[in-house]
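This report concerns only the one structure given below.
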6 protein chains.
Amino acid sequence: MTDIWLPTLVTDTPQAGFELAITLSRRGVKYTQPDPEILKRLRPIYSEDAKALMAASQIVAINFQTIAAANNYWRK
Amino acid sequence: MTDIWLPTLVTDTPQAGFELAITLSRRGVKYTQPDPEILKRLRPIYSEDAKALMAASQIVAINFQTIAAANNYWRK
Amino acid sequence: MTDIWLPTLVTDTPQAGFELAITLSRRGVKYTQPDPEILKRLRPIYSEDAKALMAASQIVAINFQTIAAANNYWRK
Amino acid sequence: MTDIWLPTLVTDTPQAGFELAITLSRRGVKYTQPDPEILKRLRPIYSEDAKALMAASQIVAINFQTIAAANNYWRK
Amino acid sequence: MTDIWLPTLVTDTPQAGFELAITLSRRGVKYTQPDPEILKRLRPIYSEDAKALMAASQIVAINFQTIAAANNYWRK
Amino acid sequence: MTDIWLPTLVTDTPQAGFELAITLSRRGVKYTQPDPEILKRLRPIYSEDAKALMAASQIVAINFQTIAAANNYWRK
């Protein structure tokens, strides 16, 4: 993965920051399991199994903490 | 999802912040599993299974950390 | 839930803060599963199953982090 | 529980802080499951089952974060 | 492990920081299970089982929090 | 445990801090399950079972957050 997919943690709005948290979460999964075939096979499991879905959503929440802090919580 | 659902992390009260943490948590789940049919099928599981319910509540706690910090803990 | 149950994160003592963390944790569970009948059925499970009990206690620990920070750790 | 068991988060040393984190973790479990009979029955499970033991140890790590911050990391 | 594999937490870009978070996560696993034979046997499990994959990705997210803070979020 | 095993959170390098995070994690497990016989029996489980290994590695990541903050991220 030599493409630049994360040039900055700064976003204009909290919502854009939340979407960046989703991106970070997906990238973390991809780095851990880079094989696209296996990922494709797993996706239905972790998005249809309640506990795996909760675990995936926890990762989003942790990454949003990081991004929100990076943006100083978009305070004006 | 192009609607604006998260214009700010600032809330008037801690309780409103807690409710925003619930909203964030639900949105994170929806981004991970956008199919409303599957979500509807999963909801009874993760809200009636003790471990999945605990996992969902952990996400709320993590998001409340973020929102509380954003509001400087509503200190006066 | 329109009653005011969280007017402030500030408490007089660390122990009162810890008890508020318990309250927050219970509220998070209630928001996720508002049906009191289902909750009543689940309570014996998550408080008698070792892993669910640990998960519930993790939520308390995360909420206590938030409340302790809000109170500037009750430093004098 | 009306006894005072948490008068302060401040400790003299990191090690005393770590031990306080253990105390906090045990209290969190007790507040969640106050029945001493059930707790006694669960203790062998969560301390002999690898996954429950790891979950219990995570709570200690989270509480140690809080206490370490409260003590400004015992920096001199 | 006497080689120097972590001389600094500082990276030039957020993306390099994210990759360092992956490295930290792998090292943590290796310190916990240093036997390369067992690790090799486990790798297909934790990268092909949805829940173990989510758990691995959570570690990355936690380590990225640390590294992002260390880099002051690469703010300019 | 009356020996002094944690005199300070300060380390010279990030790598030494990471190793201290391992020590903290092991101590937390030992405080939770002090019986060395049971621990010996559990070790092969939590280091050979993918999910328990991930849980153990999460504890390391959480403790490294604490130690990195204590060392002000070894910034110069």
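The values are calculated or read from the model by the stated rules, or taken from the named source; none is laboratory data. In this text the structure is predicted, and so the values were computed from the model without any measurement. Using ideal geometry, Cβ is built from the backbone for each residue, glycine included, and neighbour counts are taken over all protein chains shown. Remember, those area values only see protein heavy atoms, side chains included, never the ligands or the DNA or RNA. Shrake-Rupley method; radii C 1.70, N 1.55, O 1.52, S 1.80 Å.
Would you be able to tell me the number of residues in segment F:43-56 that are at the interface with chain D (Cβ under 7 Å from one of its Cβ atoms) and open to solvent by less than 30 Å² (accessible area, probe 1.4 Å)?
Taking segment F:43-56 and keeping what is at the interface with chain D (Cβ under 7 Å from one of its Cβ atoms), we get F:45-46, F:49, F:51-52, F:55-56.
Of the ones still in play, those that are also open to solvent by less than 30 Å² (accessible area, probe 1.4 Å) are F:46, F:52, F:55-56.
Looking only at that region, the number is 4.
Does residue C:50 satisfy being more than 14 Å from the chain's Cα centre (by Cα) and among the small types (Gly, Ala, Ser)? So that I can check it myself, show each step before the final result.
On the way: more than 14 Å from the chain's Cα centre (by Cα): yes; among the small types (Gly, Ala, Ser): yes.
When the stated conditions are applied, residue C:50 passes them.
Condition test on residue A:31, is it surrounded by 15 or more Cβ atoms within 10 Å (Cβ to Cβ), at positive phi and part of a helix (DSSP H, G or I)? Don't jump to the end; show me each part of the working.
Numbers: surrounded by 15 or more Cβ atoms within 10 Å (Cβ to Cβ): yes; at positive phi: no; part of a helix (DSSP H, G or I): yes.
Considered against the rule, which asks whether it is surrounded by 15 or more Cβ atoms within 10 Å (Cβ to Cβ), at positive phi and part of a helix (DSSP H, G or I), residue A:31 comes out as no.
Tally the residues that are of a type outside the set (Asp, Glu) and without any contact (Cβ under 8 Å) to a residue 24 or more places away in the chain, restricting the search to segment B:3-28. Lay out the reasoning, then the answer.
Here is the first cut: in segment B:3-28, the ones of a type outside the set (Asp, Glu) are B:4-11, B:13-18, B:20-28.
The next check asks that each one be without any contact (Cβ under 8 Å) to a residue 24 or more places away in the chain; those that pass are B:4-8, B:15-16, B:23, B:26-27.
Residues meeting the conditions: 10.
Could you list, in sequence order, all residues of segment B:57-76 that are open to solvent by less than 10 Å² (accessible area, probe 1.4 Å) and at the interface with another protein chain (Cβ under 7 Å from one of its Cβ atoms)? Explain how you work it out, then say what you get.
Taking segment B:57-76 and keeping what is open to solvent by less than 10 Å² (accessible area, probe 1.4 Å), we get B:57, B:59-61, B:63-64, B:66-68, B:70.
Within segment B:57-76, B:57, B:59, B:60, B:61, B:63, B:64, B:66, B:68, B:70 qualify.
Looking at segment F:64-75, is at least one residue among the hydrophobic types (A, V, I, L, M, F, W, C), under 20 Å from residue E:46 (Cβ atoms) and at pLDDT 90 or above? Please lay out each step first, then the result.
Within segment F:64-75, the first condition is being among the hydrophobic types (A, V, I, L, M, F, W, C), and the residues that meet it are F:64, F:67-70, F:74.
Then keep just the ones that are under 20 Å from residue E:46 (Cβ atoms); that gives F:64.
Imposing the further condition that a residue be at pLDDT 90 or above reduces the set to F:64.
Yes, because at least one residue in segment F:64-75 is among the hydrophobic types (A, V, I, L, M, F, W, C), under 20 Å from residue E:46 (Cβ atoms) and at pLDDT 90 or above.
Tell me whether segment B:10-20 contains one or more residues that are of a type in the set (A, V, I, L, M), outside any helix (DSSP H, G or I) and over 9 Å from the mean Cα position of the chain (by Cα). Even if it seems obvious, please write down each step before you answer.
First, the residues of segment B:10-20 that are of a type in the set (A, V, I, L, M): B:10, B:16, B:20.
Remaining after also requiring outside any helix (DSSP H, G or I): B:10.
Filter once more, so that each one left must be over 9 Å from the mean Cα position of the chain (by Cα): B:10.
Looking through segment B:10-20, at least one residue is of a type in the set (A, V, I, L, M), outside any helix (DSSP H, G or I) and over 9 Å from the mean Cα position of the chain (by Cα).
Taking only segment F:57-76 into account, find how many residues are in a helix (DSSP H, G or I) and in contact (Cβ under 8 Å) with a residue 60 or more places away in the chain.
Of all residues in segment F:57-76, those in a helix (DSSP H, G or I) come to F:57-70, F:72-74.
From the residues that got through so far, the ones that are in contact (Cβ under 8 Å) with a residue 60 or more places away in the chain too are F:70, F:74.
Counting residues in segment F:57-76 that are in a helix (DSSP H, G or I) and in contact (Cβ under 8 Å) with a residue 60 or more places away in the chain gives 2.
Evaluate the following for residue A:66: is it farther than 15 Å from residue E:18 by Cα and of a type in the set (S, T, N, Q)? Explain how you work it out, then say what you get.
Numbers: farther than 15 Å from residue E:18 by Cα: no; of a type in the set (S, T, N, Q): yes.
It is false that residue A:66 is farther than 15 Å from residue E:18 by Cα and of a type in the set (S, T, N, Q).
When you check residue E:2 against the structure, is it more than 15 Å from the chain's Cα centre (by Cα) and not aliphatic (A, V, I, L, M), yes or no? So that I can check it myself, show each step before the final result.
Values: more than 15 Å from the chain's Cα centre (by Cα): yes; not aliphatic (A, V, I, L, M): yes.
Considered against the rule, which asks whether it is more than 15 Å from the chain's Cα centre (by Cα) and not aliphatic (A, V, I, L, M), residue E:2 comes out as yes.
Quick check on segment B:1-20: of everything there that is more than 9 Å from chain A (Cβ to nearest Cβ) and in contact with a Gly (Cβ under 9 Å, 6 or more places away or on another chain), which residue is most open to solvent (accessible area, probe 1.4 Å)?
Ranking the candidates gives B:11 first.
So which residues in segment E:24-45 are modelled with pLDDT of 90 or more and closer than 18 Å to residue A:30 by Cβ, if there are any at all?
Matches in segment E:24-45: E:24, E:25, E:26, E:29.
Checking residue E:40 against (1) open to solvent by 60 Å² or more (accessible area, probe 1.4 Å); (2) within 8 Å of chain F (Cβ to nearest Cβ), only one condition comes out false. Which one?
(2)
Among the listed residues D:70, D:21, identify the single one that is more than 16 Å from residue F:28 (Cβ to Cβ) and of a type in the set (Gly, Ala, Ser). If you could, list the steps in order and put the result at the bottom.
Working: D:21 fails: more than 16 Å from residue F:28 (Cβ to Cβ).
Just a single option satisfies the conditions, and that option is D:70.
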